[in-house]
Structure formats: structure tokens, C-alpha cells
Amino acid sequence: MNAHNEELIKTIDLYKRFGSLEVLKGISTSFEKGDVAVIIGPSGSGKSTFLRCLNLLETPTSGQVIFEGVDITRAGHDLDLHRRKMGMVFQLFNLFPHMNVLDNITLAPIKLRGLTKEEAENRAMELLKRVGLTDKAQVFPPKLSGGQKQRIAIVRALAMQPDVMLFDEPTSALDPEMVGEVLEVMRDLASEGMTMIVVTHEMRFAREVGKRILFMDSGIIAEEGPPDKIFGNPENPRTREFLRKVL
Ligand code: ADP
Ligand code: MG
């Protein structure tokens with residue numbers, strides 16, 4: 001394997017059922033190092049469930065997730081160890097409201113990565129600088145705007161130095177005027193070479209930043225390809241129908 005197509009995550013025939021509801025119906029795909037994959041598709045098509053299966057926040061009903069060469073769906077290994085290498089950013093920011101921004105960011109690196117408080121805080125301040133929020137280090141989350149909270153949530157995930165960042169509709173809960181500042185942080189991350197898997201309805205971002213678009217429909221990846229192909233000349237009628245509605 002060369003550096004250009006080092007496989008980071010691979011799923012093999014992934015299924016997920018909730019009771020009688022089959023949500024994922026056999027997903028086999030892979031994500032390389034440096035990939036910026038954008039997952040689009042109708043509400044309820046299984047996008048969140050798929051992301052959550054990648055880091056085993058949901059346990060797949062069958063199939064495998066291979067992360068950095070290890071089958072993490074097999075019992076008997078340190079799941080937390082792998083999970084720590086996958087940063088996740090959700091629609092709702094999930095910051096601890098009773099801790100200031102700096103403590104929110106340094107908690108996991110100190111507890112789980114064994115950084116000293118000083119090391120963790122130095123790194124946190126550097127990351128805050130990157131997203132333009134050094135002045136918020138001592139502030140508590142309820143005092144922040146949605147856009148600021150989400151930028152902090154991204155920083156918190158980055159503070160663990162993950163090998164991949166998973167984003168589940170990170171701008172969907174934001175007021176429109178705050179969407180841009182979050183997308184800009186994500187755009188910077190992508191240009192720095194971070195491996196990213198992003199579920200979003202922001203089609204312009206998908207087209208401009210995505211290296212690869214995956215269209216999910218009813219629990220399968222119905223079509224995938226480079227942005228120009230998916231947005232310019234989609235083959236699957238379902239993709240066309242979806243894009244006609246959202247563009
Ligand atoms: P998307 O993110 O594409 O909107 P989801 O993955 O959230 O889709 O959901 C796909 C389907 O799975 C939906 O019908 C949803 O109601 C169902 N679902 C998701 N999570 C659960 C759960 N924990 N228990 C039961 N049903 C769920
Ligand atoms: Mg979702």
C-alpha cells in the first residue's frame with residue numbers, strides 16, 4: 001500500500017436492524033487516508049446510523065468494520081482505543097455546560113491520552129486560535145452562540161488527535177448566519193489533509209470540499225463518485241430525484 005491510498009476504514013456488508021426495521025442493508029465501502037467523503041441522502045436513509053456504526057456507537061447487526069487494519073466489530077479488543085482515534089461532531093454540540101471551554105477541550109486528552117494539564121491546555125489554546133476563539137477559553141458553553149459551540153466541539157474532537165473526523169450534520173441546528181463559520185473550519189481541516197466523513201445537506205460544501213460523494217438511499221449506497229459526476233451527471237434516478245429536490 002502506498003501513502004496515496006492507505007485504507008483507513010473499510011466496511012464489509014454492513015447491516016443494522018432496529019427490531020423489524022432494517023436500516024442498513026449491506027454497505028461495503030472504504031475510506032482512504034486524506035479522503036473527504038460527503039454522505040448525502042434523504043432523511044431516514046440511514047446516514048447517521050452508518051456513521052454511528054463506523055465507531056460502534058451502534059453495534060452493526062452483521063458485517064464488519066475494519067479500522068486501520070483491525071476488525072473492530074470482533075469482540076475481544078480495546079474498543080475505546082480505536083474510538084479515541086475517531087473524532088465525532090454531532091448536530092447538537094454536546095459540550096458539558098457546567099465546564100468552561102478549556103476544561104471541555106482538555107478533559108479527554110488528560111484522562112484518556114495521559115497529557116499533563118499544561119500540555120493539554122497549550123494544545124487546546126493552539127486549536128482555539130485556529131478557529132478564532134482564544135478569547136472564549138474561560139467561558140461556559142451556555143454563553144456561546146451555536147456557531148461558536150460547534151467550533152468548540154470540533155476543537156474538542158481535534159484535541160484527541162484523531163485519525164479521522166466524523167461529522168453528522170454539524171450545521172443543521174445552527175441559525176443560517178452561523179453555518180458559514182463552521183463550514184469554514186471544516187474546509188480548512190480538509191485542506192490540511194484531515195480524513196473526514198461528513199453527513200450534510202450543505203450541497204455547495206459537498207461539491208466544493210468533497211473529494212467523493214456517497215448518495216445513501218434506503219439503507220444502501222445507491223451511487224458514489226466525484227462531486228462533478230454526482231452533481232453534474234448522476235446516473236441513478238434516485239440521486240437525480242433527490243438532487244432535484246434539494247438544489
Ligand atoms: P438519517 O440520518 O439518514 O436521517 P437515521 O440513520 O437517523 O437516518 O435513521 C434511519 C432509520 O432508522 C429511521 O427510520 C430512524 O427512525 C431509525 N432509527 C435510527 N436510530 C434508531 C434507534 N436507535 N432505534 C430505532 N430506530 C432507529
Ligand atoms: Mg441523521
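Quick note: the coordinates plus some simple rules give every number you see, no bench work behind them. Just so it is clear, the model here is predicted, and its values are computed rather than measured. All Cβ positions, glycine included, derive from the backbone under ideal geometry; neighbour counts span all protein chains shown.
Tabulated values for the structure
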read-out: Members of the stretch 195-247 found to be under 22 Å from residue 33 (Cα atoms) and of a type in the set (Ser, Thr, Tyr), listed by number; value: 195, 200
read-out: Odd one out for residue 171, checked against (1) outside any loop (DSSP other than H, G, I, E, B); (2) within 20 Å of residue 48 (Cα to Cα); value: (1)
read-out: Count of the stretch 52-80 residues which are part of a strand (DSSP E or B) and surrounded by fewer than 17 Cβ atoms within 10 Å (Cβ to Cβ); value: 4
read-out: Total residues in the stretch 58-81, condition of a type in the set (S, T, N, Q) and out of contact with any Phe, Trp or Tyr (no Cβ under 7 Å at 6 or more places or on another chain); value: 3
read-out: Residue in the stretch 126-147 that is out of contact with any Lys or Arg (no Cβ under 7 Å at 6 or more places or on another chain), within 16 Å of ligand 2 (Cβ to nearest atom), in a loop (DSSP other than H, G, I, E, B) and of a type in the set (S, T, N, Q) present; value: no
read-out: Complete set of residues in the stretch 29-46 that are within 10 Å of ligand 1 (Cβ to nearest atom) and either closer than 21 Å to residue 211 by Cβ or buried (at least 18 other Cβ atoms within 10 Å of the Cβ) (or both); value: 39, 40, 41, 45, 46
read-out: Residue match in the stretch 81-99 (condition: part of a helix (DSSP H, G or I) and loosely packed, with under 14 Cβ neighbours inside 10 Å); value: yes
read-out: Residue that is farthest from ligand 1 (Cβ to nearest atom) [pool: residues in the stretch 14-28 that are in contact with a strand residue (DSSP E or B) (Cβ under 6 Å, 6 or more places away or on another chain) and of a type outside the set (A, V, I, L, M)]; value: 28
read-out: Residue in the stretch 154-164 that is of a type outside the set (Val, Ile, Thr) and within 13 Å of residue 92 (Cβ to Cβ) present; value: no
read-out: Test: residue in the stretch 190-206 that is of a type in the set (D, E, K, R), surrounded by fewer than 19 Cβ atoms within 10 Å (Cβ to Cβ) and either touching a residue at least 40 places away in the same chain (Cβ under 8 Å) or touching a Phe, Trp or Tyr at 6+ places or on another chain (Cβ under 7 Å) (or both); value: no
read-out: Residues of the stretch 30-80 that turn out to be of a type in the set (S, T, N, Q), more than 16 Å from ligand 2 (Cβ to nearest atom) and either more than 28 Å from residue 230 (Cα to Cα) or under 18 Å from the mean Cα position of the chain (by Cα) (or both), as a count; value: 5
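The rows are residues; the columns are (1) farther than 19 Å from residue 103 by Cβ; (2) crowded, with 18+ Cβ neighbours inside 10 Å; (3) free of Cβ contacts under 8 Å to residues at least 60 places away in the same chain.
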position: 132; (1), (2), (3): yes, no, yes
position: 136; (1), (2), (3): no, yes, yes
position: 153; (1), (2), (3): no, yes, no
position: 164; (1), (2), (3): yes, yes, no
position: 170; (1), (2), (3): yes, yes, no
position: 187; (1), (2), (3): yes, no, yes
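Residue-wise test of (1) acidic (Asp, Glu); (2) over 16 Å from residue 169 (Cα atoms).
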| residue | (1), (2) |
| --- | --- |
| 7 | yes, yes |
| 30 | no, yes |
| 44 | no, no |
| 48 | no, no |
| 64 | no, yes |
| 71 | yes, yes |
| 81 | no, yes |
| 92 | no, no |
